[in-house]
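Enquirer: Here it is, the structure in full.
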Amino acid sequence: MRFQEHFEEYRIVVFGGLNCEDVYFDGQVESEKRINLVYDDVKRHYHVINNLTGAMARRYVCKGCNKGCRRGVMHKCGETCSDCKSVLPCTFAEERVPCESCNRHFRSCSCFEKHKTNKLEGKTFCEKVRNCPVCNMCVARKSRMFQTVLPEL
């Protein structure tokens, strides 16, 4: 696509309809900047998609592989960093950087910083996901802490 050659700092993705799997063109440029378009066969015109999740009627659409899913925190693909969920996987440093808040370790200092700023549903990934200190499994945090009320004896 000629637009991709001209806008080389953007990743241009053209959908054939409002379905995540209906990708006509994906520029596959290594950039976090994207232009999402939908092609109208009848009018032979491209329309800009301002809100990809809204247009696709999905809670989460991966910016790496264009697949939709219910929970972005748990989505895994080869185009995103498994630690901070950035579109391009972060490079590994010599030592992993620990986070005391979520009990997870990150690939580098920049990966650590991204997990504090990348958001899903209004919360950072540090607020959404943590490692269990007992079993060391990655679990999604609940939005509220429930208190157990003991009955009076």
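The values are calculated or read from the model by the stated rules, or taken from the named source; none is laboratory data. Everything quoted here is computed from the prediction, not taken from an experiment. Cβ placement follows ideal geometry from the backbone for every residue including glycine, while neighbour counts extend to all protein chains displayed.
Enquirer: Going by the conditions given, is VAL97 at negative phi, more than 20 Å from the chain's Cα centre (by Cα) and surrounded by 12 or more Cβ atoms within 10 Å (Cβ to Cβ)? Spell out how you get there, then give the answer.
Expert: Details: at negative phi: yes; more than 20 Å from the chain's Cα centre (by Cα): yes; surrounded by 12 or more Cβ atoms within 10 Å (Cβ to Cβ): yes.
When the stated conditions are applied, VAL97 passes them.
Enquirer: Hey, another quick one. Give the residue that is modelled with the highest pLDDT, with candidates limited to residues of segment 127-144 that are of a type in the set (Lys, Arg), over 17 Å from PRO98 (Cβ atoms) and out of contact with any helix residue (DSSP H, G or I) (no Cβ under 8 Å at 6 or more places or on another chain).
Expert: It comes out as LYS142.
Enquirer: Just checking, how many residues over segment 113-135 are surrounded by fewer than 18 Cβ atoms within 10 Å (Cβ to Cβ), part of a helix (DSSP H, G or I) and of a type outside the set (Lys, Arg)?
Expert: The number of residues fulfilling the criteria is 3.
Enquirer: If I ask for residues that are touching a residue at least 40 places away in the same chain (Cβ under 8 Å), under 21 Å from ASP26 (Cβ atoms) and outside any loop (DSSP other than H, G, I, E, B), which ones from segment 57-106 would you list?
Expert: Listed by number, the residues that qualify are TYR60, VAL61, GLY68, GLY72.
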